[in-house]
Amino acid sequence: MAIKVVDLTEADIPGAIEVIQQAFADDPYFKWVFDSSQFNKQRNYDSLAARCKWGINNAIFQVAKESDNGPILGVSCWIAPHPETQPESWYSWFQSWSLSFSQFLNNVRYLGRGGLRTNRYWIWKERQAEAQAAIWDDPQGYYFCNIVAVSPAAQGKGIGKLLFEAVTHKADKEGTKCYLESSKSVPNVAIYERLGFGMRKEMECRDGEDACMVCWMGCGCSMLFADCF
Ligand SMILES: CC(C)(COP(=O)(O)OP(=O)(O)OC[C@H]1O[C@@H](n2cnc3c(N)ncnc32)[C@H](O)[C@@H]1OP(=O)(O)O)[C@@H](O)C(=O)NCCC(=O)NCCS
């Protein structure tokens, strides 16, 4: 049966989170930013659920599956381009505020951030801001891939490519650039190269003894920004 890529619905959220948690379980950034001894899977689930609900109305949040009621095989979340000259709408501002408030409530409910090392999170955000300042020079903005994950059992079968192409084909038609972040250099850099991207730049993130490399890649209309930890 052919796999289709469709917009995320509320009913898809549990399956989508399962795929994200499985696909990122061995992710270098995930391991760097979370203290494994404090990690709370349910807290992480609730945080992702808030993000998914936000994404239904505010992002290009899609899932790959074989049938309407079939299991979720892959997930992607892209932020649409935001032209520099266009101020943020009140709707968008309120939606972002609501998401932050939901995460605040999660902090209260779980008495913390479920093992998230906030200092490392902010180191990463600084590197991300530096990278965007260095490579985002197109005033019409970029499609930014916030999440892409394929169920481990379904990886290497073309599902990631389908999820990418659902957005990159649209971006190419519009003449808009895309970029993404990945914390895994192997095998992701090779996979992204197969999808038309190329390495641009590398930089280091450091928290005491723990250092990480940030890799930037780009090609043609699409641009890849990968954090390689
Ligand atoms: C990265 C990821 C989304 C790719 O999805 P996927 O379904 O495994 O990838 P695909 O099967 O669609 O492969 C895409 C291309 O990469 C190639 N490829 C797949 N696995 C590869 C590997 N291990 N090494 C080199 N190339 C590979 C494929 O052959 C294909 O190229 P082709 O169409 O020219 O043949 C998926 O592996 C994943 O979820 N990884 C864990 C989570 C993660 O790291 N997410 C990215 C964070 S940004």
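Read-outs throughout are calculated quantities, based only on the coordinates presented, and are distinct from any laboratory measurement. Since the structure is predicted, the reported quantities are computational estimates derived from the model, not experimental observations. A quick note on method: Cβ atoms are made from the backbone with ideal geometry, for glycine too, and the neighbour counts reach across all protein chains shown.
How high is the relative contact order of the chain, in percent, with contacts defined as C-alpha pairs under 8 Å that are six or more residues apart?
22 percent.
Considering the options Ser100, Gly175, Pro83, tell which one lies farthest towards the positive end of the dipole of region 4-179, charges being +1 on Lys and Arg and -1 on Asp and Glu at the Cβ, about the Cα centre.
The listed residue farthest towards the positive side: Ser100.
At 27 Å minimum axial length over the Cα atoms and a Kyte-Doolittle cut of -0.5, report the qualifying DSSP H helices in the chain, or say none.
The qualifying helices are 90-109.
Under a GNM of the chain (C-alpha, springs under 10 Å), which listed residue has the highest mean-square fluctuation: Asn58, Asn107, Asn44?
Taking springs between Cα atoms under 10 Å, the residue moving most is Asn107.
Any idea what the alpha-carbon Rg over 2.2 N^0.38 Å comes to for region 4-179? Before the final figure, lay out each step's value.
Details: Rg = 16.7 Å, N = 176, 2.2 N^0.38 = 15.7 Å.
That ratio works out to 1.06.
Taking only Cα atoms and a 10 Å spring cutoff, compute GNM fluctuations for the chain and point out the largest among Asn106, Asn119, Asn146.
Asn119
Give me log10 I(q)/I(0) at q = 0.10, 0.15, 0.22, 0.24 Å⁻¹ for region 1-97, Debye formula, one equal scatterer per alpha-carbon, no solvent.
After summing over all Cα pairs, the log10 values are -0.34, -0.72, -1.14, -1.23.
Arranged by the count of other C-beta atoms within 10 angstrom, fewest first, what order do Thr168, Thr118 take?
Ascending number of Cβ neighbours within 10 Å: Thr118, Thr168.
Can you show me the helix-derived [θ] at 222 nm for the chain, built from DSSP H runs with n ≥ 4 at -39,500 (n - 2.57) apiece and divided by the number of residues, rounded to the nearest 500.
-13500 deg cm²/dmol
Which distance in Å, rounded to a whole number, links the C-alpha centroids of region 52-129 and region 4-43?
Centre-to-centre (Cα) distance: 12 Å.
State the antiparallel share, in %, of DSSP beta bridges confined to region 4-179, rounding to the nearest 5.
Of those bridges, close to 85 percent are antiparallel.
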